[in-house]
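Engineer: Quick one: this structure, given as structure tokens, is what I'll be asking you about.
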Amino acid sequence: MGTSGRQLKAMLRKNWLLKIRHPFLTLTEILLPTTVMLLLIAVRSRVDTRIHPAQPYIRKDMLVEIGKGISPSFPQVLQGLLAEGEFLAFAPDTEETRTMIHFMSIEFPLLKQVSRIYKDELELEAYIRSKMYGACNQVKDCSNPKIKGAIVFHDQGPRLFDYSIRLNHTWAFSGFPDVKTIMDVNGPFLNDLELGVSTVPIMQYSFSGFFTLQQVVDSFIIFAAQQAETKTATEYIELPDSSGKTSSLNFSWTQFSPSKIRIAPFPTREYTDEEFQSIIKRVMGVLYLLGFLYPISRLISYSVFEKEQKIREGLYMMGLKDGIFYLSWFIAYAIQFAITSGIITACTMNSLFKYSDKSVVFVYFLSFGLSAIMLSFLITTFFTRAKTAVAVGTLSFLGAFFPYYTVNDPAVSMVLKVIASLLSPTAFALGSVNFADYERAHVGVRWSNMWRESSGVNFLVCLLMMLLDTLLYCVVGLYLDKVLSMHYPWNFLFQKCFWRKKSIITDCASSSEIKNCGTLYNRKENSLDKDTLGPNVEAISLDMKQQELDNRYTHPNLKTSTC
């Protein structure tokens, strides 16, 4: 451990001397990403912002009347169920439920044909999850129908009524691609990223028939409660029961509900709409990425130049441990990117990332910097010439960003986004979409909301993918460095010799001798056990022809050094 520490310290000092030898270039590496951010800040200051005052939406074009227009009437809902061979479920199976269905069927006869009663809500859910769900082709006498919606009572009066309306999340009237399904109520009730008014929720509740079902059930509850009060006072008025017996009761029960019910969106608070974030969102990732191209090109140049000039091989010959070389460059550039990330955070804390948590911004850029270092090491394994590596490697690094344009659509599944995020520039660009959305909404990305999606992107996934990419590039890069340099065969990880002691492995001069390491190890053990002074190596001839000796000393690749 002491030797490794001294070697690492010496390598870090060597890297430091290389950096301070060219102070202008080093300063450019640190400040160029910040310069790109400053240019974005300057552009942002030139873009107009629009202030929207707080306003209500009680106007004709925003109102939706229940049972008319886009909201189907209850007879239309029942006719649609009958035409599709689907049912409306009721629970629990009580006398009150059957009485309600029987009484409502007097006004709406189709209800009896498309209604199905279940013992309780658990039985309903068990049936929907079962394999028998919807396993029938005929509407009549179908024991396993499809359920479009359910009305579940939790308390059925006479003074307290509590019920839930449950609709199939995948059901809606066709022809309206933006509102095909009822909203998913399992998520947050409010979307902080939405500025202004959104008519989509009202349209979802209208087209699905939710408002219509609520109006019908509420009208019956008001009527039933009124009749219960009247019965208490007069002791002779009763609701018709499920047996079909009639009474002198007036069936005009809809008189207890308003003749017209209209729905309007809630008022919106005052907000500022920053057009900069919405305009720049699609290109923000590549603009951020351009600022990191120069430091990445310099890192590729340093690494391949030392390989090209045999500096790394010379260090290995002098006893440098494997891995210290890459670790020293990783630490050097990790410190450099940490400084860059800190400067970027300080410069953008009151402009581009005004509402985001400053530690999140710092970790975001630092994580990308670490993954970029490892991606650069991975790229250098394919090159032995510094100039070629800088040209092709920089373009390859930039090319790793372009899959972003194929997965940035909100309709693309998260699985494809995760696969594309195996390229860290793509993951970095996807994360910038979250920053744009949250900054535009004056919310900002924070540790508490980084797991929430916006524009089909999850910031937490992007951040974790960049950290995963760092480890992945490290492992693959070290493997390719061994294999492409012809020091090890492609399957050296599966060779027993590779996992034995280093003193035994060093006895193998080439990859072809690795296979014989096991035999060599056994021979050494046997020679020690015999405790003899006999020679371990026999029949070695030291005779060498003059021509062979001259060739060895004049070989162009043979280098000598003196202390």
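Values in this text are rule-based calculations from the coordinates and carry no lab data. For clarity, every value in this text was computed on a predicted model and none was experimentally measured. Glycine also receives a Cβ, built like all others from the backbone with ideal geometry; neighbour counts cover every protein chain displayed.
Engineer: Highest mean first, how do 417-423, 53-59 rank when packing is the count of other Cβ atoms within 10 Å averaged over residues?
Structural biologist: Ranked by mean Cβ neighbours within 10 Å, highest first: 417-423, 53-59.
Engineer: Let me ask another. Listing Thr380, Thr268, Thr345 from the residue with the fewest other Cβ atoms within 10 Å to the one with the most, what is the order?
Structural biologist: Going from least to most buried by this count: Thr268, Thr345, Thr380.
Engineer: A further question follows. Per 0.36 nm of contour for each residue apart, how much would the distance between Ser396 and Thr272 grow if the chain were fully extended, relative to their Cα-Cα spacing?
Structural biologist: Extending this stretch completely gives an extra 40.7 nm.
Engineer: Gain in length, Lys260 to Ile165, computed as 0.36 nm per residue apart minus the alpha-carbon separation, to one decimal in nm?
Structural biologist: Gain on extension, Lys260 to Ile165, equals 32.1 nm.
Engineer: Same structure, new question: To the nearest 0.05, how large is the calculated FRET efficiency for Ile106 and Asp61 if R₀ is 45 Å and r is the Cβ-Cβ distance?
Structural biologist: Calculated value: 0.75.
Engineer: Using the alpha-carbon centroid of each, what span in Å lies between the stretch 31-76 and the stretch 438-483?
Structural biologist: Distance between centres, Cα-based: 28 Å.
Engineer: Sorting Asp273, Asp162 on the 10 Å Cβ count, fewest up front, what's the list?
Structural biologist: Ranked by crowding around the Cβ, least crowded first: Asp162, Asp273.
Engineer: For a protection proxy built on the mean count of beta-carbon atoms within 10 angstrom, sort 331-342, 20-31 highest first, please.
Structural biologist: Descending packing order for the listed peptides: 331-342, 20-31.
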